[in-house]
Amino acid sequence: MSAFTADFSAALVQPSPNHGERAGDGKPDMIILHYTGMPSAEGALSWLCRDESQVSSHYFVNEDGTVVQLVPEARRAWHAGKSVWKGERDINSSSIGIEIANAGHPGGLPDFPDRQIEAVIGLCLDCGQRWAIAPERVLAHSDVAPIRKVDPGEKFPWGRLHRAGVGHWVEPTPIAGGRFFQRGDAGQPVEALQSMLSIYGYGTEITGEFSPETEGDVAAFQRHFRQERVDGIADFSTIDTLHRLLTALPQYS
Ligand SMILES: [Zn+2]
């Protein structure tokens, strides 16, 4: 693989052969954050650069905050897989993928070191500015591929990113008692919940039935926006947080 000039000036370049042409207008308008989910960062990085893996990302952020670029931003990296957001299914064509070295759920969800999060913030600000990416389009892999994917996980500090100007976020509504909806429930309130998830961007089908897929979407939402409890049950805290996020979207204000 021939080297290229890094789009993010602070990045080192380690080219991956795994990329192609972006479909559509060729411009990324979202950022997808991942964790590697592997015990070692070196192992994860070398896997993303191996022809046989058929996976890649644009960037790789080490625990010490060093950033490596694997694929030029103008090219389509292979990180999202089968996914959907706002009805769009070729997320690889429309996104920049960032892999964050972290052992993830298989490794007991270790904390993300400060230096690593600072690097992710700097990288997202830089990409976001260069491509004019809307804050609400900085998303988790789990948002675009619920059930199938759980990264970067419920310990990823989205609130901290937001305070630094990255992503969309409201302080989650505290967990309290009250009415809730879960798998097997049906009716108008379930339909309303599904509509809200779908308007926000999730691939939720509006059926009025709280299906296993709806449960997966609720859990993905919680993993990003109401991290204290990720159980797929739509309690008041979950629904109210979702409602407040929708209200905080620029087109609603
Ligand atoms: Zn991922």
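Remarks
- The C-beta contact set for the stretch 134-153 (first residue more than 8 Å from the ligand (Cβ to nearest atom), second residue of a type in the set (Ser, Thr, Tyr), distance under 8 angstrom, 6+ apart or interchain) comprises Asp143/Tyr202; Val144/Ser83; Pro146/Tyr202; Val150/Ser142; Gly153/Tyr35; Gly153/Ser142.
- Scanning the stretch 11-39 for residues that are surrounded by 21 or more Cβ atoms within 10 Å (Cβ to Cβ), more than 13 Å from the ligand (Cβ to nearest atom), within 20 Å of the chain's Cα centre (by Cα) and assigned to a loop (DSSP other than H, G, I, E, B) yields a single hit, Pro28.
- Evaluated against (1) touching a helix residue (DSSP H, G or I) at 6+ places or on another chain (Cβ under 6 Å); (2) part of a helix (DSSP H, G or I); (3) under 23 Å from Trp47 (Cβ atoms), Leu197 falls short on exactly one condition, (3).
- Residues being of a type outside the set (Val, Ile, Thr), within 14 Å of the ligand (Cβ to nearest atom) and outside any strand (DSSP E or B) - total across the stretch 76-106: 13
- Scope the stretch 48-85; condition loosely packed, with under 15 Cβ neighbours inside 10 Å and touching a residue at least 40 places away in the same chain (Cβ under 8 Å); matching residues: Asp64, Ala74, Gly81, Lys82
- Residue check, Val190 free of Cβ contacts under 8 Å to residues at least 60 places away in the same chain, outside any loop (DSSP other than H, G, I, E, B) and within 16 Å of the chain's Cα centre (by Cα): no
- Search result, residues across the stretch 40-75 that are within 16 Å of the ligand (Cβ to nearest atom), in a helix (DSSP H, G or I) and out of contact with any strand residue (DSSP E or B) (no Cβ under 9 Å at 6 or more places or on another chain): Gly43, Trp47, Ser53
- Residue check, Phe4 farther than 10 Å from Glu99 by Cβ, in contact with a Phe, Trp or Tyr (Cβ under 8 Å, 6 or more places away or on another chain) and assigned to a loop (DSSP other than H, G, I, E, B): no
Only the coordinates and a few stated rules stand behind these numbers; no lab work does. Only a predicted model underlies this, so the values are computations on that prediction, with no experimental measurement involved. Glycine gets a Cβ as well: all are built from the backbone with ideal geometry, and neighbour counts include every protein chain shown.
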